[in-house]
Amino acid sequence: MKQLLFYFFIFTSYCVHSQSVLFSENSNGNWDLYSVDLTNGKAIRRVTKDTLKDFQSDYCNCKNKIVFDSYRNKNTRNIFTLNLKTNELIQITKLETRDGHPVWSPNCKNIAFQSSRKGNPDVYIMDSLGGNIEQLTFDNSFDGIPKWSPNGEFLAFNSNRTGGPNIFLLNNKTKEKIQITADEKYNFVQDWVSNNKLLIITDVSEKRQMQIVDIKDNTIKNLPTDFDVTYARYKNGNIVFTQKTKENKVQLYLMNIDGLKQKQLTNTKGEKRFPTFME
């Protein structure tokens, strides 16, 4: 009963709140998208409702749309957009493969994503309607989970091409690929803090926590957390992230870029993943 009272479901319309976070939650055995209002931390709203899971998402302020991947088409992972004002839902990839981890470009004209449409996970881009698809990586190992730099010049992505999970940059003009991390640790890019700095999750002292990596000065800043961090995104001096608790639950947290003022945003049963800021 408490969990039912905690949620305010909206099925036919959705009002965007300033300073909100969009995330995926596994509630009652199925993944859907929810948002939490950061002004009070309690107004949790359900954004999508489907019998099959809606998963990783990203928000576009200039279009007032979210892009997300979902298994709702024949239980095959494809990419959809949802207009939060009109509730218009559009499926923009329709192959019987795995298309996922979509992210808007800074100008919201393009979407980078991960696809196995040629058998192996690679990084692709397409326009906002799903057209003009271009393959950007061609390695035989895993390449995926892309993130745009704020100026749109680079895509950071994860790759196993050197053995372990490491982070690479792709220059969108020259197509040059630059390796950023080169060790056997767990290294996964989460977001860009600036055009020169990456927010990543890596293994530190037998715990997965966040770091800020300056790719220009080659410096690293640790952002200590209490438990394992699973996903994180950055915006306007703040980081929203998911972290395991003492009870081994995964909840949503917020802190500033200095690693201070950590605040727990959710305290519900379902596991949380893929948080991202909304306006």
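All of the numbers you see were taken from the coordinates with simple rules; none came from a lab. Everything numeric here is computed off the predicted structure, so don't read it as measured data. Please note: Cβ atoms are built from the backbone with ideal geometry, for glycine as well, and neighbour counts cover all protein chains shown.
Taking the structure as given and computing Cα extents along the principal axes in Å, which label from (1) 51, 42, 31; (2) 60, 34, 34; (3) 63, 46, 34 fits?
The value matching this structure is (1).
So for each of 164-170, 19-25 I average, over its residues, the number of other beta carbons within 10 Å; can you give me the resulting order with the highest mean first?
Numbers: 164-170: 20.1, 19-25: 23.0.
Put in order of decreasing packing, that is 19-25, 164-170.
Based on the mean of other Cβ atoms within 10 Å per residue, sort peptides 235-241, 84-90, 183-189 so the most packed one is first.
Details: 235-241: 18.4, 84-90: 13.0, 183-189: 16.1.
Descending mean neighbour count gives 235-241, 183-189, 84-90.
Tell me, in nm to one decimal, what length is gained between GLN19 and SER205 on full extension, where the rule is 0.36 nm per residue of separation less the Cα-Cα distance?
Between GLN19 and SER205, full extension yields 63.6 nm more.
Order of TYR34, TYR71 from fewest to most other C-beta atoms within 10 Å?
Numbers: TYR34 23, TYR71 19.
Lowest count first: TYR71, TYR34.
What residue among ILE125, ASN236, LEU223 has its Cα farthest toward the positive end of the dipole of the chain, where the charges are +1 on Lys, Arg and -1 on Asp, Glu, each on the Cβ?
ASN236
Assuming R0 = 51 Å, can you tell me the calculated FRET efficiency for the pair LEU52 and ASP217, based on Cβ-Cβ distance, to the nearest 0.05? It would help to have the intermediate numbers written out before the result.
Values: r = 45 Å, r/R0 = 0.88.
E(calc), rounded to 0.05, equals 0.70.
Picking from LYS63, LYS118, LYS147, which is most flexible by a Gaussian network model of the chain using Cα springs under 10 Å?
With Cα springs under 10 Å in the chain, the top fluctuation among LYS63, LYS118, LYS147 is at LYS118.
What are the lysines whose alpha-carbon lies under 16 Å from the alpha-carbon of LYS85, with same-chain residues fewer than 8 places away excluded?
Those lysines meeting the cut-off are LYS63, LYS65.
To the nearest 20 Debye, how big is the dipole of the chain about its Cα centre, given +1 on the beta carbon of each Lys and Arg and -1 on that of each Asp and Glu? Present the calculation step by step, with values, prior to reporting the outcome.
Working: 38 positive and 30 negative charges, 135 e Å.
The calculation lands at about 640 debye.
Below 8 Å, C-alpha to C-alpha, sequence gap of six or more: please give me the relative contact order for the chain in percent. Please list the in-between numbers first.
Working: 756 pairs, mean separation 37.9, N = 279.
Relative contact order, the chain: 14 percent.
Taking the Cβ-Cβ separation of GLU134 and ASN248 as r and a Förster radius of 41 Å, what is the calculated FRET efficiency to the nearest 0.05?
On the way: r = 41 Å, r/R0 = 1.01.
Working from the Cβ atoms, E equals 0.50.
Once you charge only the Cβ atoms, +1 for Lys and Arg and -1 for Asp and Glu, what is the size of the charge dipole of the stretch 212-279 about its Cα centre, to the nearest 20 debye? Could you put the intermediate results ahead of the total?
Values: 12 positive and 8 negative charges, 48 e Å.
For the stretch 212-279, the charge dipole is close to 240 debye.
As an exercise, use a Förster radius of 45 Å and the Cβ-Cβ distance of LYS173 and ASN28 to find the FRET efficiency, rounded to the nearest 0.05. Numbers along the way, then the final one.
Numbers: r = 46 Å, r/R0 = 1.03.
E between LYS173 and ASN28, to the nearest 0.05, is 0.45.
Among MET210, MET255, what is the fewest-to-most ranking by other Cβ atoms within 10 Å? It would help to have the intermediate numbers written out before the result.
Details: MET210 24, MET255 18.
The most exposed by this proxy come first: MET255, MET210.
Which of the aspartates and glutamates could a cross-linker bridge to LYS261, judged by Cα under 16 Å and excluding same-chain residues fewer than eight apart?
Correct list for LYS261: ASP226.
Test of understanding: in a Gaussian network model of the chain with alpha carbons linked when under 10 Å, which of ASN218, ASN61, ASN267 would top the mean-square fluctuation ranking?
Among ASN218, ASN61, ASN267, the largest GNM mean-square fluctuation belongs to ASN218.
For a footprinting-style exposure proxy, rank ILE111, ILE180 by other Cβ within 10 Å, fewest first.
Details: ILE111 26, ILE180 16.
By the 10 Å Cβ count, ascending, the order reads ILE180, ILE111.
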